[in-house]
1. Any chance you could look up the accessible area of Phe75 with a 1.4 Å probe, heavy atoms only, rounded to 10 Å²?
2. Near Lys47, which lysines are there with a Cα under 20 Å away, not counting those fewer than 8 places off in the same chain?
3. Working with all protein chains in place, sort Lys43, Lys77 by solvent-accessible area computed with a 1.4 Å probe, largest first.
4. Using 7 Å Cα-to-Cβ label points, what is the Glu72/Ser35 separation (nm, one decimal)?
5. Leu57 to Lys45: extension gain in nm, 0.36 nm per residue of separation minus the Cα-Cα distance?
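The values are calculated or read from the model by the stated rules, or taken from the named source; none is laboratory data. Owing to the predicted nature of the structure, the values given are computational and were not obtained by experimental measurement. Here Cβ is always computed from backbone atoms with ideal geometry, including for glycine, and neighbour counts include all displayed protein chains. These area figures cover heavy atoms from the full protein model, side chains too; ligands, DNA and RNA do not enter into them. Shrake-Rupley method; radii C 1.70, N 1.55, O 1.52, S 1.80 Å.
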Amino acid sequence: MPQLTSSLDLPASAAAYAPRMSNDENRSNGPSGPSTSVITKVKPKTKRPNLYRVLILNDDYTPMEFVVLVLEKFFNKDIEAATKIMLHVHHHGIGECGVFTYEIAETKVTQVMDFARKHQHPLQCVMEKK
């Protein structure tokens, strides 16, 4: 049985006649194979969510201390910031408690309204798109 030899085992003159693939043929999986291409991934642009202002409205019945308590409890304001907002509401009829995404603003409005009703105050809290 004859032994198979590689082109490395052949004498130099025989190795020169061994078929070789060109670089183009090697890269493209043969002379008629698919060519190599670069695929770029398109990164989708994300849109920032809409923001909403949560506002407290002035009324003649809700105590100022209760408004300060609401601002501290639901909007994490310190006593000074809460008092400043409360006075703004008292003098101008409306005051901003914070700016949030829709879901958070809606939750805060509901929490404030429920808390005010539970304590029998007519305090109004609303949200508006910024």
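1. Here the accessible area works out near 20 Å².
2. Lys129, Lys130
3. Working: Lys43 175, Lys77 60 Å².
Final ranking, largest accessible area leading: Lys43, Lys77.
4. Rounded to a tenth, the inter-label distance reads 7.4 nm.
5. Values: separation 12, 0.36 × 12 = 4.32 nm, distance 3.76 nm.
Length gained, Leu57 through Lys45: 0.6 nm.
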